[in-house]
Amino acid sequence: MEKTCLCCKRRFIPHPAVRHQQYCSDPECQKTRKRNWQKEKLASDGDYRANQAEAQRQWRSRNSDYWREYRKRNPAYTEGNRIRQRERNRRRRSGSGIAKMDELRGKSVIRSGRYRLVPLCHLGVAKMDELIVEIGVISMGCGFEGEGP
């Protein structure tokens, strides 16, 4: 009984010992199978994920100069990475590409001017350096001590 490979879509005869074989024996299809299995295992098995993280930590400690040496051996990689980083920095500075779903677009809700920010509470805030505040308009003629107009 022939099956269709999930990777290359070619027909193949499964090995009799592999009951639910879905990939042919082509090396690229087997790499895809393993990659998919590993991705699913990392997502579903906390012990496997922890073991993989520990193995990576140990490898990095044994090979601490790996990336330094890699960059020396591959200057084109290093230059390409620098170019891509400059582009990311440029986009970040320009303000485009904001990842927040609740970003305000178009007309601003708050008019420009002076505002007093008053902390209301610290409960239920996900970030430690963030405050929930009440914004109240201060008249333009009123200045704070030591501040200019």
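To keep it simple, each residue is scored yes or no on (1) exposed (fewer than 10 other Cβ atoms within 10 Å of the Cβ); (2) under 29 Å from the mean Cα position of the chain (by Cα).
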| position | (1), (2) |
| --- | --- |
| TYR23 | no, no |
| GLN30 | no, yes |
| ASP45 | no, yes |
| SER61 | yes, yes |
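Would you confirm, using the coordinates I've provided, whether ARG86 is modelled with pLDDT of 70 or more and within 30 Å of LYS39 (Cβ to Cβ)? Explain how you work it out, then say what you get.
Details: modelled with pLDDT of 70 or more: yes; within 30 Å of LYS39 (Cβ to Cβ): no.
It is false that ARG86 is modelled with pLDDT of 70 or more and within 30 Å of LYS39 (Cβ to Cβ).
Yes/no per residue for (1) under 30 Å from ASN81 (Cα atoms); (2) small (Gly, Ala, Ser); (3) modelled with pLDDT of 95 or more:
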{"position": "ARG19", "(1), (2), (3)": "no, no, no"}
{"position": "LYS31", "(1), (2), (3)": "yes, no, yes"}
{"position": "TRP59", "(1), (2), (3)": "yes, no, yes"}
{"position": "TRP67", "(1), (2), (3)": "yes, no, no"}
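Please go through the range 3-26 and pick out each residue that is part of a loop (DSSP other than H, G, I, E, B), charged (D, E, K, R) and free of Cβ contacts under 8 Å to residues at least 12 places away in the same chain. Listed by number, the residues that qualify are LYS9, ARG19.
Within the option set SER25, SER44, SER61, being hydroxyl-bearing (Ser, Thr, Tyr) and within 30 Å of TYR77 (Cα to Cα) holds for one residue only, SER61. Taking the listed residues THR78, THR4, the one that is polar (S, T, N, Q) and at pLDDT below 95 is THR78, with no other qualifying. For the range 19-35, filtered to residues that are out of contact with any Phe, Trp or Tyr (no Cβ under 9 Å at 6 or more places or on another chain) and not basic (Lys, Arg), the residue that is farthest from LYS9 (Cα to Cα) is HIS20. A count restricted to the range 32-73 and to residues that are charged (D, E, K, R), over 30 Å from LEU6 (Cβ atoms) and not in a helix (DSSP H, G or I) stands at 1.
The values are calculated or read from the model by the stated rules, or taken from the named source; none is laboratory data. Every value quoted in this text rests on a predicted model; they were computed, and no experiment measured them. Quick reminder, even Gly has a Cβ in these numbers, built from the backbone with ideal geometry, and neighbours come from all protein chains shown.
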